[in-house]
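To keep things clear, I will list the structure first and then write my remarks on it.
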Amino acid sequence: MKAFKLFGRKHEKKGYPTPPSIICEKPLNSFPTSIEKDSLKHRKVREALKTFKDIYCKRYCQFKEDKLTGKSKTNTLQEVAISMRMNHQWVNTIKRIGHVDGIEVGDKFQYRAELCVIGLHNQFSSGIDYMGKDMNSLATSIVVTSRYSNVMKSNGCLVYEGQGGNPKVGSNVSPHDQKLEAGNLALKNSMEARSPVRVILKVCRKSESDGMDTWSNPEYSFIYDGLYLVNQMTQERGEYGKLVFKFTLNKMPDQPTHVAPENVVMDGQFASSRRKSKGSVAQKHIVRVNDVSNGKEKFPIRVVTPIDHGQMPASFEYMVNLVYGDRLNQPILFGCDCRESCIDCKKCSCIVKNGGTMPYNCNKRLAYPNKSSLIYECGPSCKCSSSCINRVSQCGIQVQLEIFKTEYKGWGVRTRSFIRRGCFVCEFIGEVYHIHNRKARSRPVADDDFILSIGVGKGFIDATNRGNIARFINHSCTPNLCFKDVIYDSNNKSIPHKMLFAVKDIPSGRELTYNYNSCKGKIIKVRNNDCYCGSRECNGQIYF
């Protein structure tokens, strides 16, 4: 991808370690370093999750028209996970105490079955997972949901109710006293042995919606909250008048806190102290601007800063369409003759231009994210309907985004909606100049400019004075977005639309990034820019 971005002071060197500027090649006979081993473990987890979602997406497309119930959906998720286990595609298959390789505190997951695939929690429905038997058993992990009366106190102390005798779990379960066996006994043994337990929180996403159905956009997700110690076990009368076990757990020190996404609400009474109203932000942040686009985007784009930070982004004119410079002719693209939707790969001229395959699937996500960097979409000269599956990026931003102040990189962009892999996120908007434009060649480049190269010998997009939210997206050595060149309203391949798509599932509250160093061809380093992306695979430098 031939793109680079010039930007302003996107980082502050104060209080942050300077990455190495010299990288030595590793001898051929040397052993992998601990960092390389950790990177490999993370990669295995990501690959397992990707395989799970690819298989599930295929089944989702097959059964979409059958209008399956939520129960059928849960069964399908478990069937996908079981089929992966039979094919030896699970990772971290050996149960263990403590953290799991390749998973960090704060990692978020969309489905309960994913926890089994990656070895974080090996029970499809039971809330307590353990290893060993009877008095030799130890709890490995628990999942906190609203089916039991679990409570997170203001000091971070978790009161977890034992398992058993709960009609909420199944229609055939009658209330009865809980027994000190299985998972309950394992938690008691963990308390006596001072053995840590992994805690996974099930959180609601009621305030977030991207217009997708419940199959692909569930109302909840799961977040790994770290290791806890069981400090106390009591027995008392529960909700149905029966005896239940109450386990008091405290989070171990030196772990991230408040990892719940800013715009979600915990299930039931759990974590009531963290409950927020729709559209609210973290307690220490404040909304400075409700909509920087002034109503031009489908969803408002707000600006969020810490309470003690009053600085705002430099003023610019928000645009939703590219502005072409003088004497830049855009030849009209010849469209297809499809009457309704473009489904015939041999007759549709737009599909033929894409190599005979539709670039998007039935969910209007990239069907082959890594196949090609050039996409032909149906445009204004096409006879197909506006709902054609090949009209995606031209429809504008379909997810909720916000601009926020990062700790070290200046302004950044994060999502307020869950974004599926392959989804369109936004276009890089600005003033388009051809490389032969005299004004463009004579224009001086300042430190606070926002410029994106269209390609070597082609031109660039200048979003310094006029642009959209894409101008604030930061760099990362392990990005969650990538550029695709899209053509739909002209036949000029030298000046395509620069569209950003998700290369992985992106949870709500996660910062959006792309790789500034993904330029192919000649790269010129105009000044020293240390990278502060914080990735395990960071190369230490940003080039322009």
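Only the coordinates and a few stated rules stand behind these numbers; no lab work does. Just so we're clear, the structure is a prediction, and the values are computed from it rather than from any experiment. Methodologically, a virtual Cβ is constructed for each residue, glycine included, from the backbone with ideal geometry; neighbour enumeration extends over all protein chains shown.
For the stretch 381-389, in order, what is each residue's ³J(HN,Hα) by Karplus, 6.51 cos²θ - 1.76 cosθ + 1.60 with θ = phi - 60°, in whole Hz (x at glycine and Pro)? Computed from phi, the couplings for the stretch 381-389 are 8, 7, 8, 6, 6, 5, 8, 4, 5 Hz. Assuming R0 = 45 Å, what is the FRET efficiency of N250 and T74, from their Cβ-Cβ distance, to the nearest 0.05? Efficiency computed from Cβ-Cβ geometry: 0.90. Residues whose amide H comes within less than 5 Å of that of T406, counting only those at least five positions distant or on another chain, are W411, G412 (H built at 1.01 Å from N in the peptide plane). Highest mean packing comes first when the peptides 234-241, 289-296, 111-118 are listed by Cβ atoms within 10 Å, giving 111-118, 289-296, 234-241.
Whole-Hz Karplus values for the stretch 474-485 come out as 8, 8, 8, 6, 10, x, 10, 10, 9, 8, 10, 7 Hz, taken residue by residue from phi with 6.51 cos²θ - 1.76 cosθ + 1.60 and θ = phi - 60°; glycine and proline positions read x. Note on V352 and H285: the extension gain reaches 19.2 nm, defined as 0.36 nm multiplied by sequence separation minus the Cα-Cα distance. With the simple model of a label 7 Å out from the Cα in the direction of the Cβ, K58 to A314 spans 5.0 nm. The Cα center of the stretch 148-203 and the Cα center of the stretch 404-433 differ in position by 40 Å.
Calculate, for K153 and K41, the FRET efficiency according to 1/(1 + (r/R0)^6) with r their C-beta to C-beta distance and R0 45 Å; round to the nearest 0.05. Calculated value: 0.85.
Applying 1/(1 + (r/R0)^6) with r as the Cβ-Cβ distance of R237 and R194 and R0 = 30 angstrom yields a FRET efficiency of 0.55.
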